[in-house]
Structure formats: C-alpha cells, structure tokens
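Where a number appears in this text, it was derived from the coordinates with a stated rule and is not lab data. Only a predicted model underlies this, so the values are computations on that prediction, with no experimental measurement involved. Note that each Cβ is placed from the backbone with ideal geometry, even for glycine, and that neighbours are counted across all protein chains shown.
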C-alpha cells in the first residue's frame, strides 16, 4: 500500500542514437514512481511496473497510469511552457505538429541551454511523442488507455494515460508507439518506433484498521 | 563544439522518504554512442573530450515537485560548471566546458535540493561509487568491466 | 436526522511534509459534519454522535506522491483529549504497508466530550516516511432532542 493515485512512467530516449540505429534498443530507459511497491527494471529498457489494483469501494477510483516521453538532451519538464513564447517574430525552423501559424510564429525554438537555435535547428530536436498504447494489456481489457490534452505547444498538447481494471491480476505486456523527430532535407521528419513494457497487477485483501477484520465496505 | 547533456531523473518523494538519493536517482547522458557507460544508474560514466560543453539537467518523476541542482563538486582543473537560469523561469541548469583531456576518470558529486532539502548524489551510504567523467581509452580510466 | 456516515478527508502535501519532516503546514482536514470546527486545518474537530460511523480517507495533494493512513489511535486518557497536542517531532521508518481502510463507529457508551486522536501518515517507504499529528479530534455530542 502507500501507493500514489497516479503512477507516472517516464520514458527517456537518446533520440539521435535511436534514429541513427533505426531502433530504440539500447537507447531507451524507463522509470516509474513505484519502486517502493515493487516495480523492477527502473532505469533500464525493461520496466515492469507494479500496479496495486486493491480498491476500497468508498474510495473510488482505479489506478491511473501516465506516460511522458523525453529526449535525454532535451529541455527538462520543469521549464514552464510559457518560456517558449517569444513576442518577437520567430527565427529559425518551424515546429512539427498541428499548431496554428500564429502560434508557431510566437514560439521560440531553443536548445537545452535555452538558447535560440539557428535556421537549421542545430542542437534542438522536438521531444519524442507517444502516439498510441496497444498490446496484451489493452487487448485483454486490463488497461484502458486514452489520449488527454495538456497546454504544451511542443508535444502537440497531448499525453497518454490509462486506467487499470481493478478486477485483473497478473503480468501483462503493452506496447508504446513512439515517434522520434530528426532533421532531414530542411524539415523535421517523424520516425515511428515501438517499445514494449509490462505491468504487474496485484491485489490485496483489505482489512479494517480499527478491528483488523477483512471486510468489504458498503458503498457510501 | 559538442554539447553533451547529463540528466538526473529523480524520484523526489522516494529520496525524501529515505533521506537518501540511493535507489531513487537515475543518471543518463546522450553520449552512449561515443562511449558513455552505466546509463540509468548512479555511477554513470560520461565519455568526454577537450572542448565538450556539458549540461546538467534534472527530471523529477513527480512532475509538480521542485528539484534542482544546487551544487556540482568536480575537479575544476577539468571542468568548472556554473549555474544558469532558463530566462525568467526560475528553473536552472548547470553548464561547464571540458578544459583538458582526461587521463583518468574524474568523479563528481551533485547536491540536489528536493522540496527544499539538500540530498547528495552519490548518497553518503553508497561507499563512494558515483558518477564520473571519462575520456581517452578504457585502460587509462581504470574501468573495472 | 442523523447522517449515517461522516467522511473525514485528509489532504497532505507529501513533498513538503517529507522535506520539512513535519505535518505542520502540510495537512488539511475536512469533514461532512455540519457542526465541526477547524475545517481545512490540522485541528479539525469533528462533531459526531454515538452510533455514527466515521470514515477516514487520505489524499496526496500531488497525485503522483504516495500517502496512506498508517494508524489512528485514541489515547487512553478520556474526557479532555490527548496529553500531546502538536506534530510528531521526527519522522519514523516505514516498510510496505498492508491495505487498511479506516472506518469505525462512535461507541454508544462514550461520554460526551472532545477526544483528540493521533493520525499517523505514511508516505512511501523508507526511514523517514512516517509522520504523525496529534491535532485532530472528535467532539462527541448527544443528538438534538435526546434525553
């Protein structure tokens, strides 16, 4: 127990190396915030996220998972998104993704030190974007992924999240579909790749803290 | 000039609950192709050359938590990093240039401020093994692999 | 008419509590009982009657940090509340917690009065993961119109 309401899975990718190799093997590293509950493979390519599906009726919600992908050499997530907006006319390359012309003109393209990059975009790569979550865990209705919006001009404003079926227990695989970006012929091109990970769903008996008797609470 | 980014992924709540970064930080760099090893661990060995610009950043797992590098202790003869701010954001990073060729591994220590409390990488309990910069060939760096 | 259940919801700022090693300034308690005092503070005094069920729930203010109720204890001294009143001085160690829900019935034999209790919170696992507060209380009253 002592779980958090939402399990966050951070996907770190050495983008240039992965694009050069044509695959993510050796260049992807996964970390979640559930090590204390039994997740294994932290910091490696083979993460098994421990999921506690125990739920008390009156406490409602199912466990939620969130995925965030980053390039190792990219800006950290703690830099506020308003940093990108530059009232002066934009210089340099245009960003990929469905952002309006007006917005694109106001967004500054920068490298990891916050310095605006040149017209060729040298030193900058748009962060990798997770485009879908599929696989065994989804097919077996253990996990229900969906894409949610967030006000982030770089990742096209979306991130992937999933709820876990509280009645499913066991080890299940899932596949992340991730698009990496690289500069080619004066524009950014997306390169789709996939990577598999696992969730290990466990459930415990719930006991009353005052009298230590296993009991299912009536709904409120 | 090459830029090599060294990022530290931090489980802020986990590190604070244990009063130690041991087991709660994962260091990564984007220079594996040129010889960095131990990616994703607390003993990251970053391969560097004279003239490389090194940038240290942090990635908190809990996206809303406040964590930043408040100090980097490293032999200044090789690199003298300084703190910079992403303009008007209050978010900082550290940057330094490699000043001379490394004939041996140069270890460094990070001091992270987690929610206002300072914690060290490597953790004091980890018997000294921590991240380092390496250069030249493996023999010169005494790699025990 | 008596509400059959009173919900006490505790919200904790986990990063702040762990970084400052205290629940002071990191604990916000609220309940669904109309005559309680201290709503939104660690000094919540929940108005209740003998026979009512009270249900405790905890939430972390940051959805990605862990928070659980490790224990709720009512000290032996009855009548004027707990001898301690404040926040635990140092965080304690905590291992993996078994799942518990905290739901109890105010005993029928309990005399009216204020009963302070110790709320022990565990945030993750580790040697500084457990903190407590001796600040909340139950105020046991007779229902209106009772003899």
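For a quick check: sort B:117, B:84 by the number of other beta carbons within 10 angstrom, fewest at the front.
Lowest count first: B:84, B:117.
Once both labels are modelled 7 Å past Cα along the beta-carbon direction, what's the residue A:62-residue B:103 spacing in nm?
6.3
Could you please rank B:103, A:37, B:64, placing first whichever residue has the fewest other Cβ atoms within 10 Å of its Cβ?
Listed from fewest to most nearby Cβ atoms, that is B:103, B:64, A:37.
From the mean inverse distance of alpha carbon pairs (Kirkwood) and the Cα radius of gyration, derive Rg over Rh for segment B:41-119.
0.99
Could you work out the mean count of beta carbons from other protein chains within 10 Å of each residue's beta carbon in A:44-54?
Mean shielding count: 1.
When the chain is fully extended, how far beyond the present Cα-Cα distance does residue A:191 get from residue A:26, taking 0.36 nm per residue of separation?
Length difference between fully extended and current span is 57.7 nm.
Can you give the FRET efficiency for residue B:87 and residue B:2, using 1/(1 + (r/R0)^6), R0 = 25 Å, r = Cβ-Cβ distance, to the nearest 0.05?
Taking R0 as 25 Å, the efficiency between residue B:87 and residue B:2 is 0.60.
How far apart, in nm, are two points set 7 Å out from the Cα along the Cα-to-Cβ line at residue C:127 and at residue C:25?
Roughly 2.5 nm, to one decimal.
Per residue of chain B, what 222 nm ellipticity follows from adding -39500 (n - 2.57) for every DSSP H run with n ≥ 4, rounded to the nearest 500?
-1000 deg cm²/dmol
For segment C:5-140, what is the Kirkwood estimate of the hydrodynamic radius, computed as the reciprocal of the mean inverse distance between distinct Cα atoms, to one decimal in Å?
Final number for the Kirkwood radius of segment C:5-140 is 15.0 Å.
Which order do A:143, C:141 fall in if you start with the one that has the fewest other Cβ atoms within 10 Å?
Ranked by crowding around the Cβ, least crowded first: C:141, A:143.
Using a ≥ b ≥ c from the Cα gyration tensor of segment B:1-99 (square roots of the eigenvalues), is it rounded, prolate or oblate, where a/c under 1.5 gives rounded and otherwise the larger of a/b and b/c decides, a/b for prolate?
Judged from the Cα gyration tensor, segment B:1-99 comes out oblate (a/c at least 1.5, b/c at or above a/b).
How many partner chain Cβ atoms sit within 10 Å of a residue's Cβ in peptide A:7-13, on average, as a whole number?
Average per residue, whole number: 4.
Determine the shielding of peptide C:18-26 by partner chains: average, over its residues, the number of Cβ atoms on other chains within 10 angstrom of each Cβ.
3
Determine, from the Cβ-Cβ distance of residue A:132 and residue C:90 and an R0 of 60 Å, the FRET efficiency 1/(1 + (r/R0)^6), rounded to the nearest 0.05.
It comes out at approximately 0.80.
Applying 1/(1 + (r/R0)^6) with R0 = 22 Å to the Cβ-Cβ distance of residue A:205 and residue C:73, what FRET efficiency is obtained, to the nearest 0.05?
0.45
Based on DSSP H runs of at least 4 residues, each adding -39500 (n - 2.57), what is the mean residue ellipticity at 222 nm of chain C after dividing by all its residues, to the nearest 500 deg cm²/dmol?
When only DSSP H runs of four or more count, the value is -1000 deg cm²/dmol.
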